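Asks: Okay, here's the structure, questions in a sec.
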Amino acid sequence: MGVRTNTGRRTAKMDHRCITFGEIMLRLSPPGFERFAQASELELTYGGGEANVAVSLASLGADAAFVTTLPANEIAEKCIRQMRGIGVDVSLIRRSGERMGIYFVETGASQRPSNVIYDRARSAVAEADPASYDWKAIFEGATWFHWTGITPALGERAAAATLEAVKTAKQMGLTVSCDLNFRKKLWTPEEANACMCELVKYVDVCIANEEDAEKVFGIKAGSTDVTIGHLDHEHYINVARQLIDKFPNLKKVAITLRESISASRNGWAALLYADEMPNFSRRYDITIVDRVGGGDSFAAGLIYGLMAGQGDEDALNFGVAASCLKHTIPGDFNLISREEVERLAGGDTSGRVQR
């Protein structure tokens, strides 16, 4: 058996199954690079950290399922149908609650940054009863569980559900990964630290950037300044070491290295630290179409590589290449194939027409 990817080709499924848990939202954006103030219409898509990872994994050919709670209405149903069409297993999605979260994105350009406005309070997943998730049944047959720091930031119920999920996943022998994904519009650094210190005790693979590590755990990347494109690799290695010192359960720490030259141009690479060995990826100079979901696509590519049995260096470069491609695609979802990622990771950066 195989799955049909967005390219129309069939890709053999690996012998691993990844479950992701979190919120997917309705995304509304002005066309192109218009500002909210001038837009007369908004484009409708969907997105959310853990959903983006599930979609990326499914597009690559992995067995991926997404767990969330959505209301029983037509907008949520359209979302579920879209994810199912990409190849994500949506059979574990619960239907209850009154509303789907919404977020608005104004895409930046050049020296004008993108802007995100949330309207997600009291969403179905935030209000869901933690006991409504049967994690033992959900994790049956799975080998990997992925979540992000966004989910517990949604409120006490979502945080309690996440804690039960990570505990059950570890009891059942799954590999657990977490993208710290600090969101200052959802909670304070103090709130994040109090919650995440308990949750990360159950994590095997931690994914972060320099802001996440500093805001959540007070671990700063030294003199690094991403706003002027200055990255000191030694400081990032030190961040990874400090995270493992704080959480000895961690087997691997991945840190994305983004040089924010402008909203339209970024340098992009990553570090994977494991067994006291730092691996740095190839660096890409990206002209950005849409950077939202870029970190999620890196997480998915890294997870895919590790589940496929790739070594640390190869899995890291696969993840960075997958994320590089995502920056060229409008919307949250990284609709690319494994072959496209392998071509880029293999050194073909020409962008030549494929005929």
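The values are calculated or read from the model by the stated rules, or taken from the named source; none is laboratory data. These numbers were taken from a predicted model, which means no experiment stands behind them. No Cβ is skipped: glycine too gets one built from the backbone with ideal geometry, and neighbour counts run over all protein chains shown. Protein only, heavy atoms only, side chains kept; ligands, DNA and RNA dropped before computing areas. Shrake-Rupley method; radii C 1.70, N 1.55, O 1.52, S 1.80 Å.
Asks: One residue is enough: does the stretch 157-165 have a residue meeting the conditions in a loop (DSSP other than H, G, I, E, B), of a type in the set (A, V, I, L, M) and touching a helix residue (DSSP H, G or I) at 6+ places or on another chain (Cβ under 8 Å)?
Replies: No: the stretch 157-165 contains no residue that is in a loop (DSSP other than H, G, I, E, B), of a type in the set (A, V, I, L, M) and touching a helix residue (DSSP H, G or I) at 6+ places or on another chain (Cβ under 8 Å).
Asks: For the stretch 85-120, name all the residues that are of a type in the set (S, T, N, Q) and free of Cβ contacts under 8 Å to residues at least 40 places away in the same chain.
Replies: Of everything in the stretch 85-120, those that are of a type in the set (S, T, N, Q) and free of Cβ contacts under 8 Å to residues at least 40 places away in the same chain turn out to be SER91, SER96.
Asks: Provide a single number: the residues in the stretch 118-131 that are assigned to a loop (DSSP other than H, G, I, E, B) and either among the charged types (D, E, K, R) or in contact with a strand residue (DSSP E or B) (Cβ under 8 Å, 6 or more places away or on another chain) (or both).
Replies: 5
Asks: In this structure, is ALA169 modelled with pLDDT of 95 or more, more than 19 Å from ALA299 (Cα to Cα) and either in a helix (DSSP H, G or I) or within 14 Å of the chain's Cα centre (by Cα) (or both)?
Replies: So ALA169 fails the test.
Asks: Out of all the residues in the stretch 135-152, which are assigned to a helix (DSSP H, G or I) and open to solvent by 10 Å² or more (accessible area, probe 1.4 Å)?
Replies: LYS136, ALA137, ILE138
Asks: Across the stretch 262-296, what is the number of residues that are within 18 Å of the chain's Cα centre (by Cα), among the aromatic types (Phe, Trp, Tyr) and farther than 22 Å from ARG241 by Cα?
Replies: Final tally of qualifying residues: 0.
Asks: Right, here's the next one. State all residues of the stretch 172-185 that are hydrophobic (A, V, I, L, M, F, W, C) and either out of contact with any strand residue (DSSP E or B) (no Cβ under 6 Å at 6 or more places or on another chain) or not in a loop (DSSP other than H, G, I, E, B) (or both); if no residue qualifies, say none.
Replies: Within the stretch 172-185, MET172, VAL176, CYS178, PHE182 meet the criteria.
Asks: While we're here: Can you report the number of residues in the stretch 186-209 which are open to solvent by 40 Å² or more (accessible area, probe 1.4 Å), in contact with a strand residue (DSSP E or B) (Cβ under 6 Å, 6 or more places away or on another chain) and not in a helix (DSSP H, G or I)?
Replies: Total satisfying the criteria: 1.
Asks: Is it the case that some residue within the stretch 65-77 is within 30 Å of ARG265 (Cβ to Cβ), in contact with a helix residue (DSSP H, G or I) (Cβ under 6 Å, 6 or more places away or on another chain) and of a type in the set (S, T, N, Q)?
Replies: There is no residue in the stretch 65-77 that is within 30 Å of ARG265 (Cβ to Cβ), in contact with a helix residue (DSSP H, G or I) (Cβ under 6 Å, 6 or more places away or on another chain) and of a type in the set (S, T, N, Q).
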